[in-house]
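Chemist: My questions will all concern the structure given below.
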Amino acid sequence: MELQKVYQRAISFAAEKHARRGQTLPDSIIPYSVHLSNVAMEILIAGSKTKGFDTILAVQVALLHDLLEDTYTSAIELEVEFSKRVSVGVQALTKDKYLSREIQMKDCLNRLKELPAEIKAVKLADRITNLQYPPFSWTKERKKNYLVEAELILAELAGCNRYLERRMKREIKQYRKYARY
Ligand code: NI
C-alpha cells in the first residue's frame, strides 16, 4: 500500500480513539492527534534521510504509538487492523503500568532494544517533539527529570538513527533553559 494511504488510515484510526477519551495535549485544548502527526512528521523526514528505512512501518507505529497506553485499544486489534509488526512495535513503546514508575522507562528501553531501528526511531521522534516546550503546569523538578530521562533514551538507543539522534541532542540542549541545570 502507498505511504499516503497508510498514513491517512492510521491517523484516522488513532485520532478517533484518542478523541473518544477526550484526550488533548497537556494543559491545552489542542486535540491529541496533533502530537501524533508531529511524531509522524519527524519520522517522515528521518525516513527521507536514512537509507533502507522502512517508513511504512515506522509511520504507522508513530501514529499509533500511544493507543495502548492511553485508549481502549488492544494489541490484537492493532494486529488485525494493521499488522503483527506494527502491534509489536506499539507494545514495545507502551509502559508496563504494573511496574513501579522508576523502572518503567528502563523496561521500555530494554524491550525496544530487541526491535528494528524504525521502532527505536519512533521513541526518539516522540521525545524530540515533546522537548519543544514543557506543559505550563510542570514543576522545575518534573522538567529536570524529563531531561534526565531524555538523555537516558538517547544513550540507550544510540546508533538507531543518526539524523534523529542529532536532532534530539539539539532539543535536549535547548530544553535545558526550562529545567536550568
Ligand atoms: Ni507520545
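The values are calculated or read from the model by the stated rules, or taken from the named source; none is laboratory data. What you are looking at is a predicted structure, and each value in this text was computed from that prediction instead of being measured. Here Cβ is always computed from backbone atoms with ideal geometry, including for glycine, and neighbour counts include all displayed protein chains. Heavy atoms of the whole protein, side chains included, go into the accessibility calculation; ligands, DNA and RNA do not. Shrake-Rupley method; radii C 1.70, N 1.55, O 1.52, S 1.80 Å.
Chemist: Looking for something within 11 Å of the ligand (Cβ to nearest atom), part of a loop (DSSP other than H, G, I, E, B) and open to solvent by less than 40 Å² (accessible area, probe 1.4 Å) - is there at least one such residue anywhere in the range 59-66?
Modeler: Yes: one or more hits.
Let's see how each residue does on (1) loosely packed, with under 13 Cβ neighbours inside 10 Å; (2) touching a residue at least 24 places away in the same chain (Cβ under 8 Å):
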residue: VAL122; (1), (2): no, yes
residue: THR129; (1), (2): no, yes
residue: GLU141; (1), (2): yes, no
residue: LYS144; (1), (2): no, yes
residue: GLU149; (1), (2): no, yes
residue: ILE153; (1), (2): no, yes
residue: ARG162; (1), (2): yes, yes
residue: GLU165; (1), (2): no, yes
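Chemist: Taking the range 125-137, which residues are farther than 16 Å from GLN174 by Cβ and of a type outside the set (A, V, I, L, M)? Show your work before the answer.
Modeler: Keep residues of the range 125-137 that are farther than 16 Å from GLN174 by Cβ, which gives 125-126, 135-137.
The answer is ASP126, PRO135, PHE136, SER137.
Chemist: If you go through the range 86-97 one residue at a time, do you hit one that is touching a Pro at 6+ places or on another chain (Cβ under 9 Å), of a type outside the set (Lys, Arg) and over 26 Å from ARG142 (Cβ atoms)?
Modeler: Taking every residue of the range 86-97 in turn, at least one turns out to be touching a Pro at 6+ places or on another chain (Cβ under 9 Å), of a type outside the set (Lys, Arg) and over 26 Å from ARG142 (Cβ atoms).
Chemist: Scan the range 86-120 residue by residue and report those that are assigned to a helix (DSSP H, G or I) and either open to solvent by 60 Å² or more (accessible area, probe 1.4 Å) or at positive phi (or both).
Modeler: Those that are assigned to a helix (DSSP H, G or I) and either open to solvent by 60 Å² or more (accessible area, probe 1.4 Å) or at positive phi (or both): GLN91, ARG101, GLU102, ILE103, LYS106, ASN110, ARG111.
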